[in-house]
Amino acid sequence: TPTSRVRVYRTTTMQIPIIQVSGGRCSLLTGDIILPRAGFVNCFFEFFQKSLVPHSTARRQAKFCSFFVLTLAFFGNTLIVLQHLLTMQAHTAPLGIRWPPLHLPGGRQIRKEGPTLKKRVGILTSGGDCPGLNATIRGVAKALYARMGDSIEIVGILNGYHGLINGDYKEMCEDDFRGILTLGGTILGTKRTPFKMMRVVEEDKIDKVAAMKKTYKDAKLDCLLCLGGNGTHKTANLLSQEGLNIIGLPKTIDNDIYGTDVTFGFHTAVDIATDVIDRIHTTAGSHSRVMCIEIMGNKAGWLTLYSGIAGGADIILLPELPYDIDRVCDAVERRAKKGSNFSIIAVAEGAMNCEESRMKRKEWMAKRIESGMGTTATSRIAATIQKKTGMETRVCIPGHMQRGGSPCAYDRVLATQFGSYAAKLVEIERYGVAVAMVNHHVTENRLEDIAGKTRNIPEGCELITVARRMGISLG
Ligand code: F6P
């Protein structure tokens, strides 16, 4: 790239070469600081002269430089650079330095004139809680403060979309995010606010979508981060289509969010459910019993499949593979004949038999209620096994324990990866997306591409093949 001018500015502690590049746009440059126009170079130079020599303190230098270090950008074209310049403008204003107006390449001014350059970021957690929510909130906050310093303000929306509808929010400070990496649940509270009700005006006469938009405006948010599962992402997409700046973060112990290979909370739940299966083994063996353990997961069986394999279950029943109770009984009897005095069955909450799989949800639900054995299949499976095989059978439901407590190390790392990535998206103002992990890389999907879809165990899933190879019955 042709270089027209090199100026070197020296202070007693550092030397700053300023390389002015002439010629066209879009040359890929690497530099600690990249300024899109010559006018900026002059201001930048002036800044150093005015601020570092008479006024400077080491602290000011460090603060200033932190905004710029390691920027790699396309010459003249990058929002990140403009964002940095806005911050720089704010910091240099007291020194009387006048900067050229900042414009996007298309000529649109990137921010309205005004004294504040603060960015206000809302965060909410919605749907069922899970380990890793706080770790993700912390990841977002720490990365935002680290990247954008004093220009960031975080607003916590309480109890998910319920808080957004009702205007329940609070200003947060850096201290609020300390010590929560290991904390289970969510410091913001959560609630299930079904997506299908968002457009429905109920008895309280509240137009929920209008109310959410109003809270967003009242809280002066620049963007809103929605941590949640499939339902949360559907509402996030709705809000995005309504013009709000939304970023989704994928949480759920079910691991069933479309477009991401993994969600935070899942691996902790796998550890908990595996521990349950381990513990059930010893009591099942001692009593020569069949034990049916109901694992969470209504639509997707990932948690049952992973914990079933990790815990050495003998039979695994999943929502994706309807079971035949005779085959389940055969598997128990085969084990008994081979000398095993007990069997462990991992049953997904959403498991259903072949007959039910051909019915509408309403129909099989009505049948289950009528039978008086609960709305999940587990108790019925246990009763039938006992009747058909004569083996004493018990049910164990760990339930919400699978969502409780501290996140495992994997989820802490994942939460931090997702959180810090979301902070980057905020910084570059990339909205209408959900953070995801694809092929071991953190990335983002457009909300509209993933909302309303579920990631079930696919046909030909490798772990299903592994289970079969291991002689595990899938019913
Ligand atoms: O979505 C997570 C999950 O734990 C599912 O596995 C389970 O079916 C459901 O939530 C239970 O929901 P709730 O906490 O509302 O009873």
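A few points about this structure:
- Only one of the numbered conditions (1) farther than 20 Å from Met470 by Cβ; (2) in contact with a Cys (Cβ under 9 Å, 6 or more places away or on another chain); (3) not aliphatic (A, V, I, L, M) is not met by Ser286, and that is (2).
- Qualifying residue in region 419-426 (condition: surrounded by 13 or more Cβ atoms within 10 Å (Cβ to Cβ), over 22 Å from Asn230 (Cα atoms) and either charged (D, E, K, R) or free of Cβ contacts under 8 Å to residues at least 24 places away in the same chain (or both)): yes
- Top-ranked residue of region 137-173 - restricted to ones that are among the hydroxyl-bearing types (Ser, Thr, Tyr) and away from the ligand (no atom under 16 Å from the Cβ), ranked as nearest to Ile206 (Cα to Cα): Tyr169
- Failed item in (1) more than 24 Å from Ile457 (Cβ to Cβ); (2) more than 34 Å from the chain's Cα centre (by Cα), with Glu355 passing the rest: (1)
- Members of region 203-226 that are surrounded by 15 or more Cβ atoms within 10 Å (Cβ to Cβ) and in a helix (DSSP H, G or I): Lys208, Val209, Ala211, Met212, Lys213, Thr215, Tyr216
- Hey, Gly265 within 18 Å of the chain's Cα centre (by Cα), within 16 Å of the ligand (Cβ to nearest atom) and surrounded by fewer than 24 Cβ atoms within 10 Å (Cβ to Cβ) or not: no
- Any hit, region 451-467, residues being more than 22 Å from Glu349 (Cβ to Cβ) and under 21 Å from the mean Cα position of the chain (by Cα): yes
- Pair list, Cβ < 8 Å and 6+ apart or interchain, from region 328-347 residues that are hydroxyl-bearing (Ser, Thr, Tyr) to residues that are assigned to a helix (DSSP H, G or I): Ser343/Ala284; Ser343/Ala331; Ser343/Val332; Ser343/Arg335; Ser343/Ala336
- Test result for Thr260, in contact (Cβ under 8 Å) with a residue 24 or more places away in the chain and either buried (at least 17 other Cβ atoms within 10 Å of the Cβ) or of a type in the set (Lys, Arg) (or both): yes
- The strands (runs of 3 or more DSSP E) found wholly in region 382-452 and carrying at least 2 residues that are within 30 Å of Leu117 (Cβ to Cβ) and more than 16 Å from the ligand (Cβ to nearest atom) occupy 433-438, 441-446.
- Matching option when the condition is farther than 23 Å from Thr454 by Cα, more than 16 Å from the ligand (Cβ to nearest atom), in contact with a Cys (Cβ under 8 Å, 6 or more places away or on another chain) and not in a loop (DSSP other than H, G, I, E, B), among Ile247, Ile280: Ile280
- Checking each residue in region 440-465 for being farther than 15 Å from Asp256 by Cβ and modelled with pLDDT of 95 or more picks out His440, His441, Val442, Thr443, Glu444, Arg446, Leu447, Glu448, Asp449, Glu462, Ile464, Thr465.
- Val435 vs. criteria in contact with a Leu (Cβ under 6 Å, 6 or more places away or on another chain), among the β-branched types (Val, Ile, Thr) and within 17 Å of Arg138 (Cβ to Cβ): yes
- Residue check for Thr378: away from the ligand (no atom under 16 Å from the Cβ) and either charged (D, E, K, R) or at pLDDT 95 or above (or both): no
- Of all the numbered requirements in (1) farther than 29 Å from Ala143 by Cβ; (2) touching a residue at least 24 places away in the same chain (Cβ under 8 Å), Glu429 misses one, and that requirement is (1).
- Residue pairs whose Cβ atoms lie under 9 Å apart, separated by 6 or more positions or on different chains, with the first residue in region 395-413 and closer than 18 Å to Lys142 by Cβ and the second within 11 Å of the ligand (Cβ to nearest atom) and assigned to a loop (DSSP other than H, G, I, E, B), are Pro407/Cys130; Pro407/Gly265; Asp411/Cys130; Asp411/Gly265.
- Hey, Thr376 among the polar types (S, T, N, Q) and in a strand (DSSP E or B) or not: no
- Filter pass, Gly285 being surrounded by fewer than 21 Cβ atoms within 10 Å (Cβ to Cβ), assigned to a helix (DSSP H, G or I) and touching a residue at least 12 places away in the same chain (Cβ under 8 Å): yes
- Listed by position, the helices (runs of 4 or more DSSP H) contained in region 290-361 that have at least 2 residues being surrounded by 19 or more Cβ atoms within 10 Å (Cβ to Cβ), at pLDDT 95 or above and away from the ligand (no atom under 16 Å from the Cβ) are 302-311, 325-337.
The values are calculated or read from the model by the stated rules, or taken from the named source; none is laboratory data. Since the model is a prediction, treat every value here as computed from it, not as a measurement. Quick reminder, even Gly has a Cβ in these numbers, built from the backbone with ideal geometry, and neighbours come from all protein chains shown.
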